[in-house]
Structure formats: C-alpha cells, structure tokens
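Chemist: Quick one: the structure is below, questions incoming.
The values are calculated or read from the model by the stated rules, or taken from the named source; none is laboratory data. Since the model is a prediction, treat every value here as computed from it, not as a measurement. Note that each Cβ is placed from the backbone with ideal geometry, even for glycine, and that neighbours are counted across all protein chains shown.
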Amino acid sequence: MLSDLTQNLEPEFAVEIEGVSKTYAGSNKQAPKQALKNVSLKIRRGSFFGLLGPNGAGKSTLINILAGLVNKSSGTARIWGHDVDTEMRSARRAIGVVPQELNIDPFFTPRELLDLQAGLYGVPKAERETDAVLEAIGLADKAEAYTRSLSGGMRRRLLVGKAMVHRPPVLVLDEPSAGVDVDLRRQLWSHVKKMNEDGITVLLTTHYLEEAEAMCDEIAIINHGEIIACEPTEVMLSRLDAKDMTVTLSQPLTKIPGALSAYNPVLNRPDCLKVSFAPSKTPARKVLADIEDAGLVVNDFSTTDSDLEDIFIRLTHGGQASDHADDAA
Ligand SMILES: Nc1ncnc2c1ncn2[C@@H]1O[C@H](COP(=O)(O)OP(=O)(O)OP(=O)(O)O)[C@@H](O)[C@H]1O
Ligand SMILES: [Mg+2]
C-alpha cells in the first residue's frame, strides 16, 4: 500500500544508476571487453543531463542498459523509481530512447510508424497524439511520405517522435547530432529544449563539449567505462576555465622572470615559454602584455583551448593540460 503511494509520487531522481558494470563476453577471436566499470549516476527529475565521452567510452552501453537492450553484468538501475530488472515493464514505459543507429523501416510513412509504436506501447487509439507529435518534430507535411524518401535529419527527428509516442517522463538521446546539419540540429535542439521546459527529463550522449555546454544543466564525463566527473555545467566550466599560451621569444632565456610566476611558466625550449591562464579572469592580451612588460620580446604566440583530451588529462591526473600548441590565436 505504502509502496503504491510512493510509486505515484514523482521521484526526486528520474534515473538512478548504482554500481553498474558491464563486460561483453568475448568470442573465439575477441577477448571479453569491460565496457562499464562500477558506474553510479543520479539524474534529477526535470534536468537536462549530458553524458560526454569519446568513442568507445561506454555511453551507448549505459543507455542500452536503461533501454533494456543490453543486460548489465552487475549493479542496479532505476527509471522513474522502477528497477529495470524487477519492474521491467514500468521502467520501459517511463523511458523513450532515440538510438544512435538510424533503424527505421523504410516502407512505412511517418504517420504509420508513430501509430505502430503507440500501439506497441498500448496507447489507446483515442489517446494517441500522432498529429501533435508530427507537428512537434516538424514532419507534419511528410506524414504520408515513405520514410525512405526522408533525409537523414528528418529520420532522426522521426526517431525522436517514436521515442515520445507513449509520453514517457524521461527522454534519452544517443548522439542525436550525428549526421544532422546545422539548421536541423538547431531545430531538433529547440524541440528537445521545449520538451525539457515542459517537464521531460532529458539525457543525451555526445562527443562534443560545446553541445553539452549549450544544452545541459549537468554534465557527466565518461572515459574507458568510468565516470570521471559529474557536476553542474557551470561548475565544470569553471574548472575548465584554463588555457595555455606558448610564446616564441626573440632571445633565449636563462631565467624565467619572477613577475610571471602566477602564470605557472614552463620553458619548453630556451626560446619557447609556455604559460597557463584562466581566460574568464585574464584575457589573452593581458597575458601577452605582462610577458612583454617582464622584458621579453615575443616573436610569435599561440593559445590552446581545453578540448576533451585536455579535460580528461586534467580530470584524471589532476594536472596540467597537454602542451600541444597548434591553434594560432
Ligand atoms: N555488443 C558488443 N560486443 C562486444 N563489445 C562491445 C559491444 N558493444 C560495445 N562494445 C565495446 O564496448 C565499449 C563501449 O562501447 P559503446 O558503444 O558503449 O561506446 P560509446 O561511448 O557509445 O562510443 P561511441 O561514441 O563510438 O558511440 C567499446 O570498446 C566497444 O567496442
Ligand atoms: Mg555510442
């Protein structure tokens, strides 16, 4: 009785993952692969959550475990309070997943596909909102077209529509920007943003820091199957507020001027000095001016931004960003 009552309340966390590991069994040619190592994540109800990581990090594996498409090796996962193992049906009803692969039957029309999907989820005909979904994903004018005639971006939007027909409170998008051009991406994002504003919890995976930055209020970084950071976007960005400047000097240097010590200076070569700075506090031109004020003559300079690689290095080793300096400022 009590559990019935609590089930009806909206949970604090839309998704709760605890100690989840996954090892894919090997075959005779391939060794077993551990794709997830003891992953724990809590996604607050109503949030727009980004799971950021490079190829092969384990993002799709995690999503597919939530979707019931991959069996985890250990740990627990709950969606909207429902355990994916013991309350599989309720858990699946609470989630809509837009998969990474574009798997759409080309011989149906968008309207037919959305109707079929609603049927699969047992949404009664009278309660289906096929037209509203078509409108929301910008495919109202393609409702009767063969799906095979749709562009890649349109197919992806159709997949978003398919994931939403049973009106789940949690929407999961696995690499939704792949193969979508800038205009369509913007359109897709504004639809998804709107859904989030209407109360849907969104979880998306991406390779792109900028995408996660722009869309998400919380970001987790996954690498080699492990969560290496998880925090509100602003907190993460303030931690990433770091750039390197590498300057080539007209004269070799024997001693780094003390005036530059706040920049953690490192001599890469006698005529090549690297300094680090926080762009939100110190603009690059101030760094350059300080270097010249310290009596050094700069022949050339370049700055490097944090990229995912740098972030991983910084987060996993607690150290400095890598010192390649190839982006001329
Ligand atoms: N069915 C499978 N059998 C064996 N290994 C797999 C299987 N699926 C994924 N893997 C391996 O598990 C690891 C994680 O893969 P996963 O697809 O979860 O990564 P991802 O973060 O989604 O990568 P991408 O950004 O490329 O989509 C990879 O090393 C991958 O090769
Ligand atoms: Mg993937």
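Chemist: Taking P270 as the residue in question, decide whether it is surrounded by fewer than 18 Cβ atoms within 10 Å (Cβ to Cβ), in contact with a Gly (Cβ under 7 Å, 6 or more places away or on another chain) and not assigned by TED's automatic domain parsing to the domain that holds I79.
Modeler: When the stated conditions are applied, P270 does not pass them.
Chemist: Would you check if L69 is within 20 Å of I219 (Cβ to Cβ) and within 16 Å of ligand 2 (Cβ to nearest atom)?
Modeler: No; evaluated as a whole, the condition is false for this residue.
Chemist: Every residue in the stretch 192-209 that is over 11 Å from the mean Cα position of the chain (by Cα) and not in a helix (DSSP H, G or I), please.
Modeler: D198, G199, I200, T201
Chemist: If I ask for residues that are within 15 Å of ligand 2 (Cβ to nearest atom) and not aliphatic (A, V, I, L, M), which ones from the stretch 202-246 would you list?
Modeler: T205, T206, H207, Y208, E211, N223, H224, G225
Chemist: Inside the stretch 132-145, can you point out the residues that are touching a residue at least 12 places away in the same chain (Cβ under 8 Å) and either at positive phi or part of a helix (DSSP H, G or I) (or both)? Don't jump to the end; show me each part of the working.
Modeler: Our first condition is that a residue be touching a residue at least 12 places away in the same chain (Cβ under 8 Å); within the stretch 132-145, this holds for 133-134, 136-139, 142-145.
Selection gives V133, L134, A136, G138, K142.
Chemist: Further question on the same structure: Looking only at strands (runs of 3 or more DSSP E) that fall completely inside the stretch 1-110, which ones have 2 or more residues that are more than 16 Å from ligand 1 (Cβ to nearest atom) and under 22 Å from L204 (Cβ atoms)? Quick ask: steps written out before the conclusion?
Modeler: Working: elements: 13-24, 33-44, 48-52, 74-79, 95-98.
Those strands (runs of 3 or more DSSP E) span 13-24, 33-44, 74-79, 95-98.
Chemist: For the stretch 148-186, how many residues are within 16 Å of ligand 1 (Cβ to nearest atom), hydrophobic (A, V, I, L, M, F, W, C) and farther than 24 Å from L120 by Cα?
Modeler: Here is the first cut: in the stretch 148-186, the residues within 16 Å of ligand 1 (Cβ to nearest atom) are 156, 159, 172-180.
When the remaining residues are screened for being hydrophobic (A, V, I, L, M, F, W, C), the result is 159, 172-173, 178, 180.
Restricting the remaining residues to those that are farther than 24 Å from L120 by Cα gives 178, 180.
Result for the stretch 148-186: 2.
Chemist: Applying the selection to the stretch 166-191, what residues are in a strand (DSSP E or B) and of a type in the set (D, E, K, R)?
Modeler: Hit for the stretch 166-191 is D174, nothing else.
Chemist: Also: Determine which member of the set A57, A25, A67 is hydrophobic (A, V, I, L, M, F, W, C), modelled with pLDDT under 95, under 15 Å from the mean Cα position of the chain (by Cα) and assigned by TED's automatic domain parsing to the domain that holds A214. Give the derivation first.
Modeler: Working: A25 fails: under 15 Å from the mean Cα position of the chain (by Cα); A67 fails: under 15 Å from the mean Cα position of the chain (by Cα).
Every option except A57 fails the conditions.
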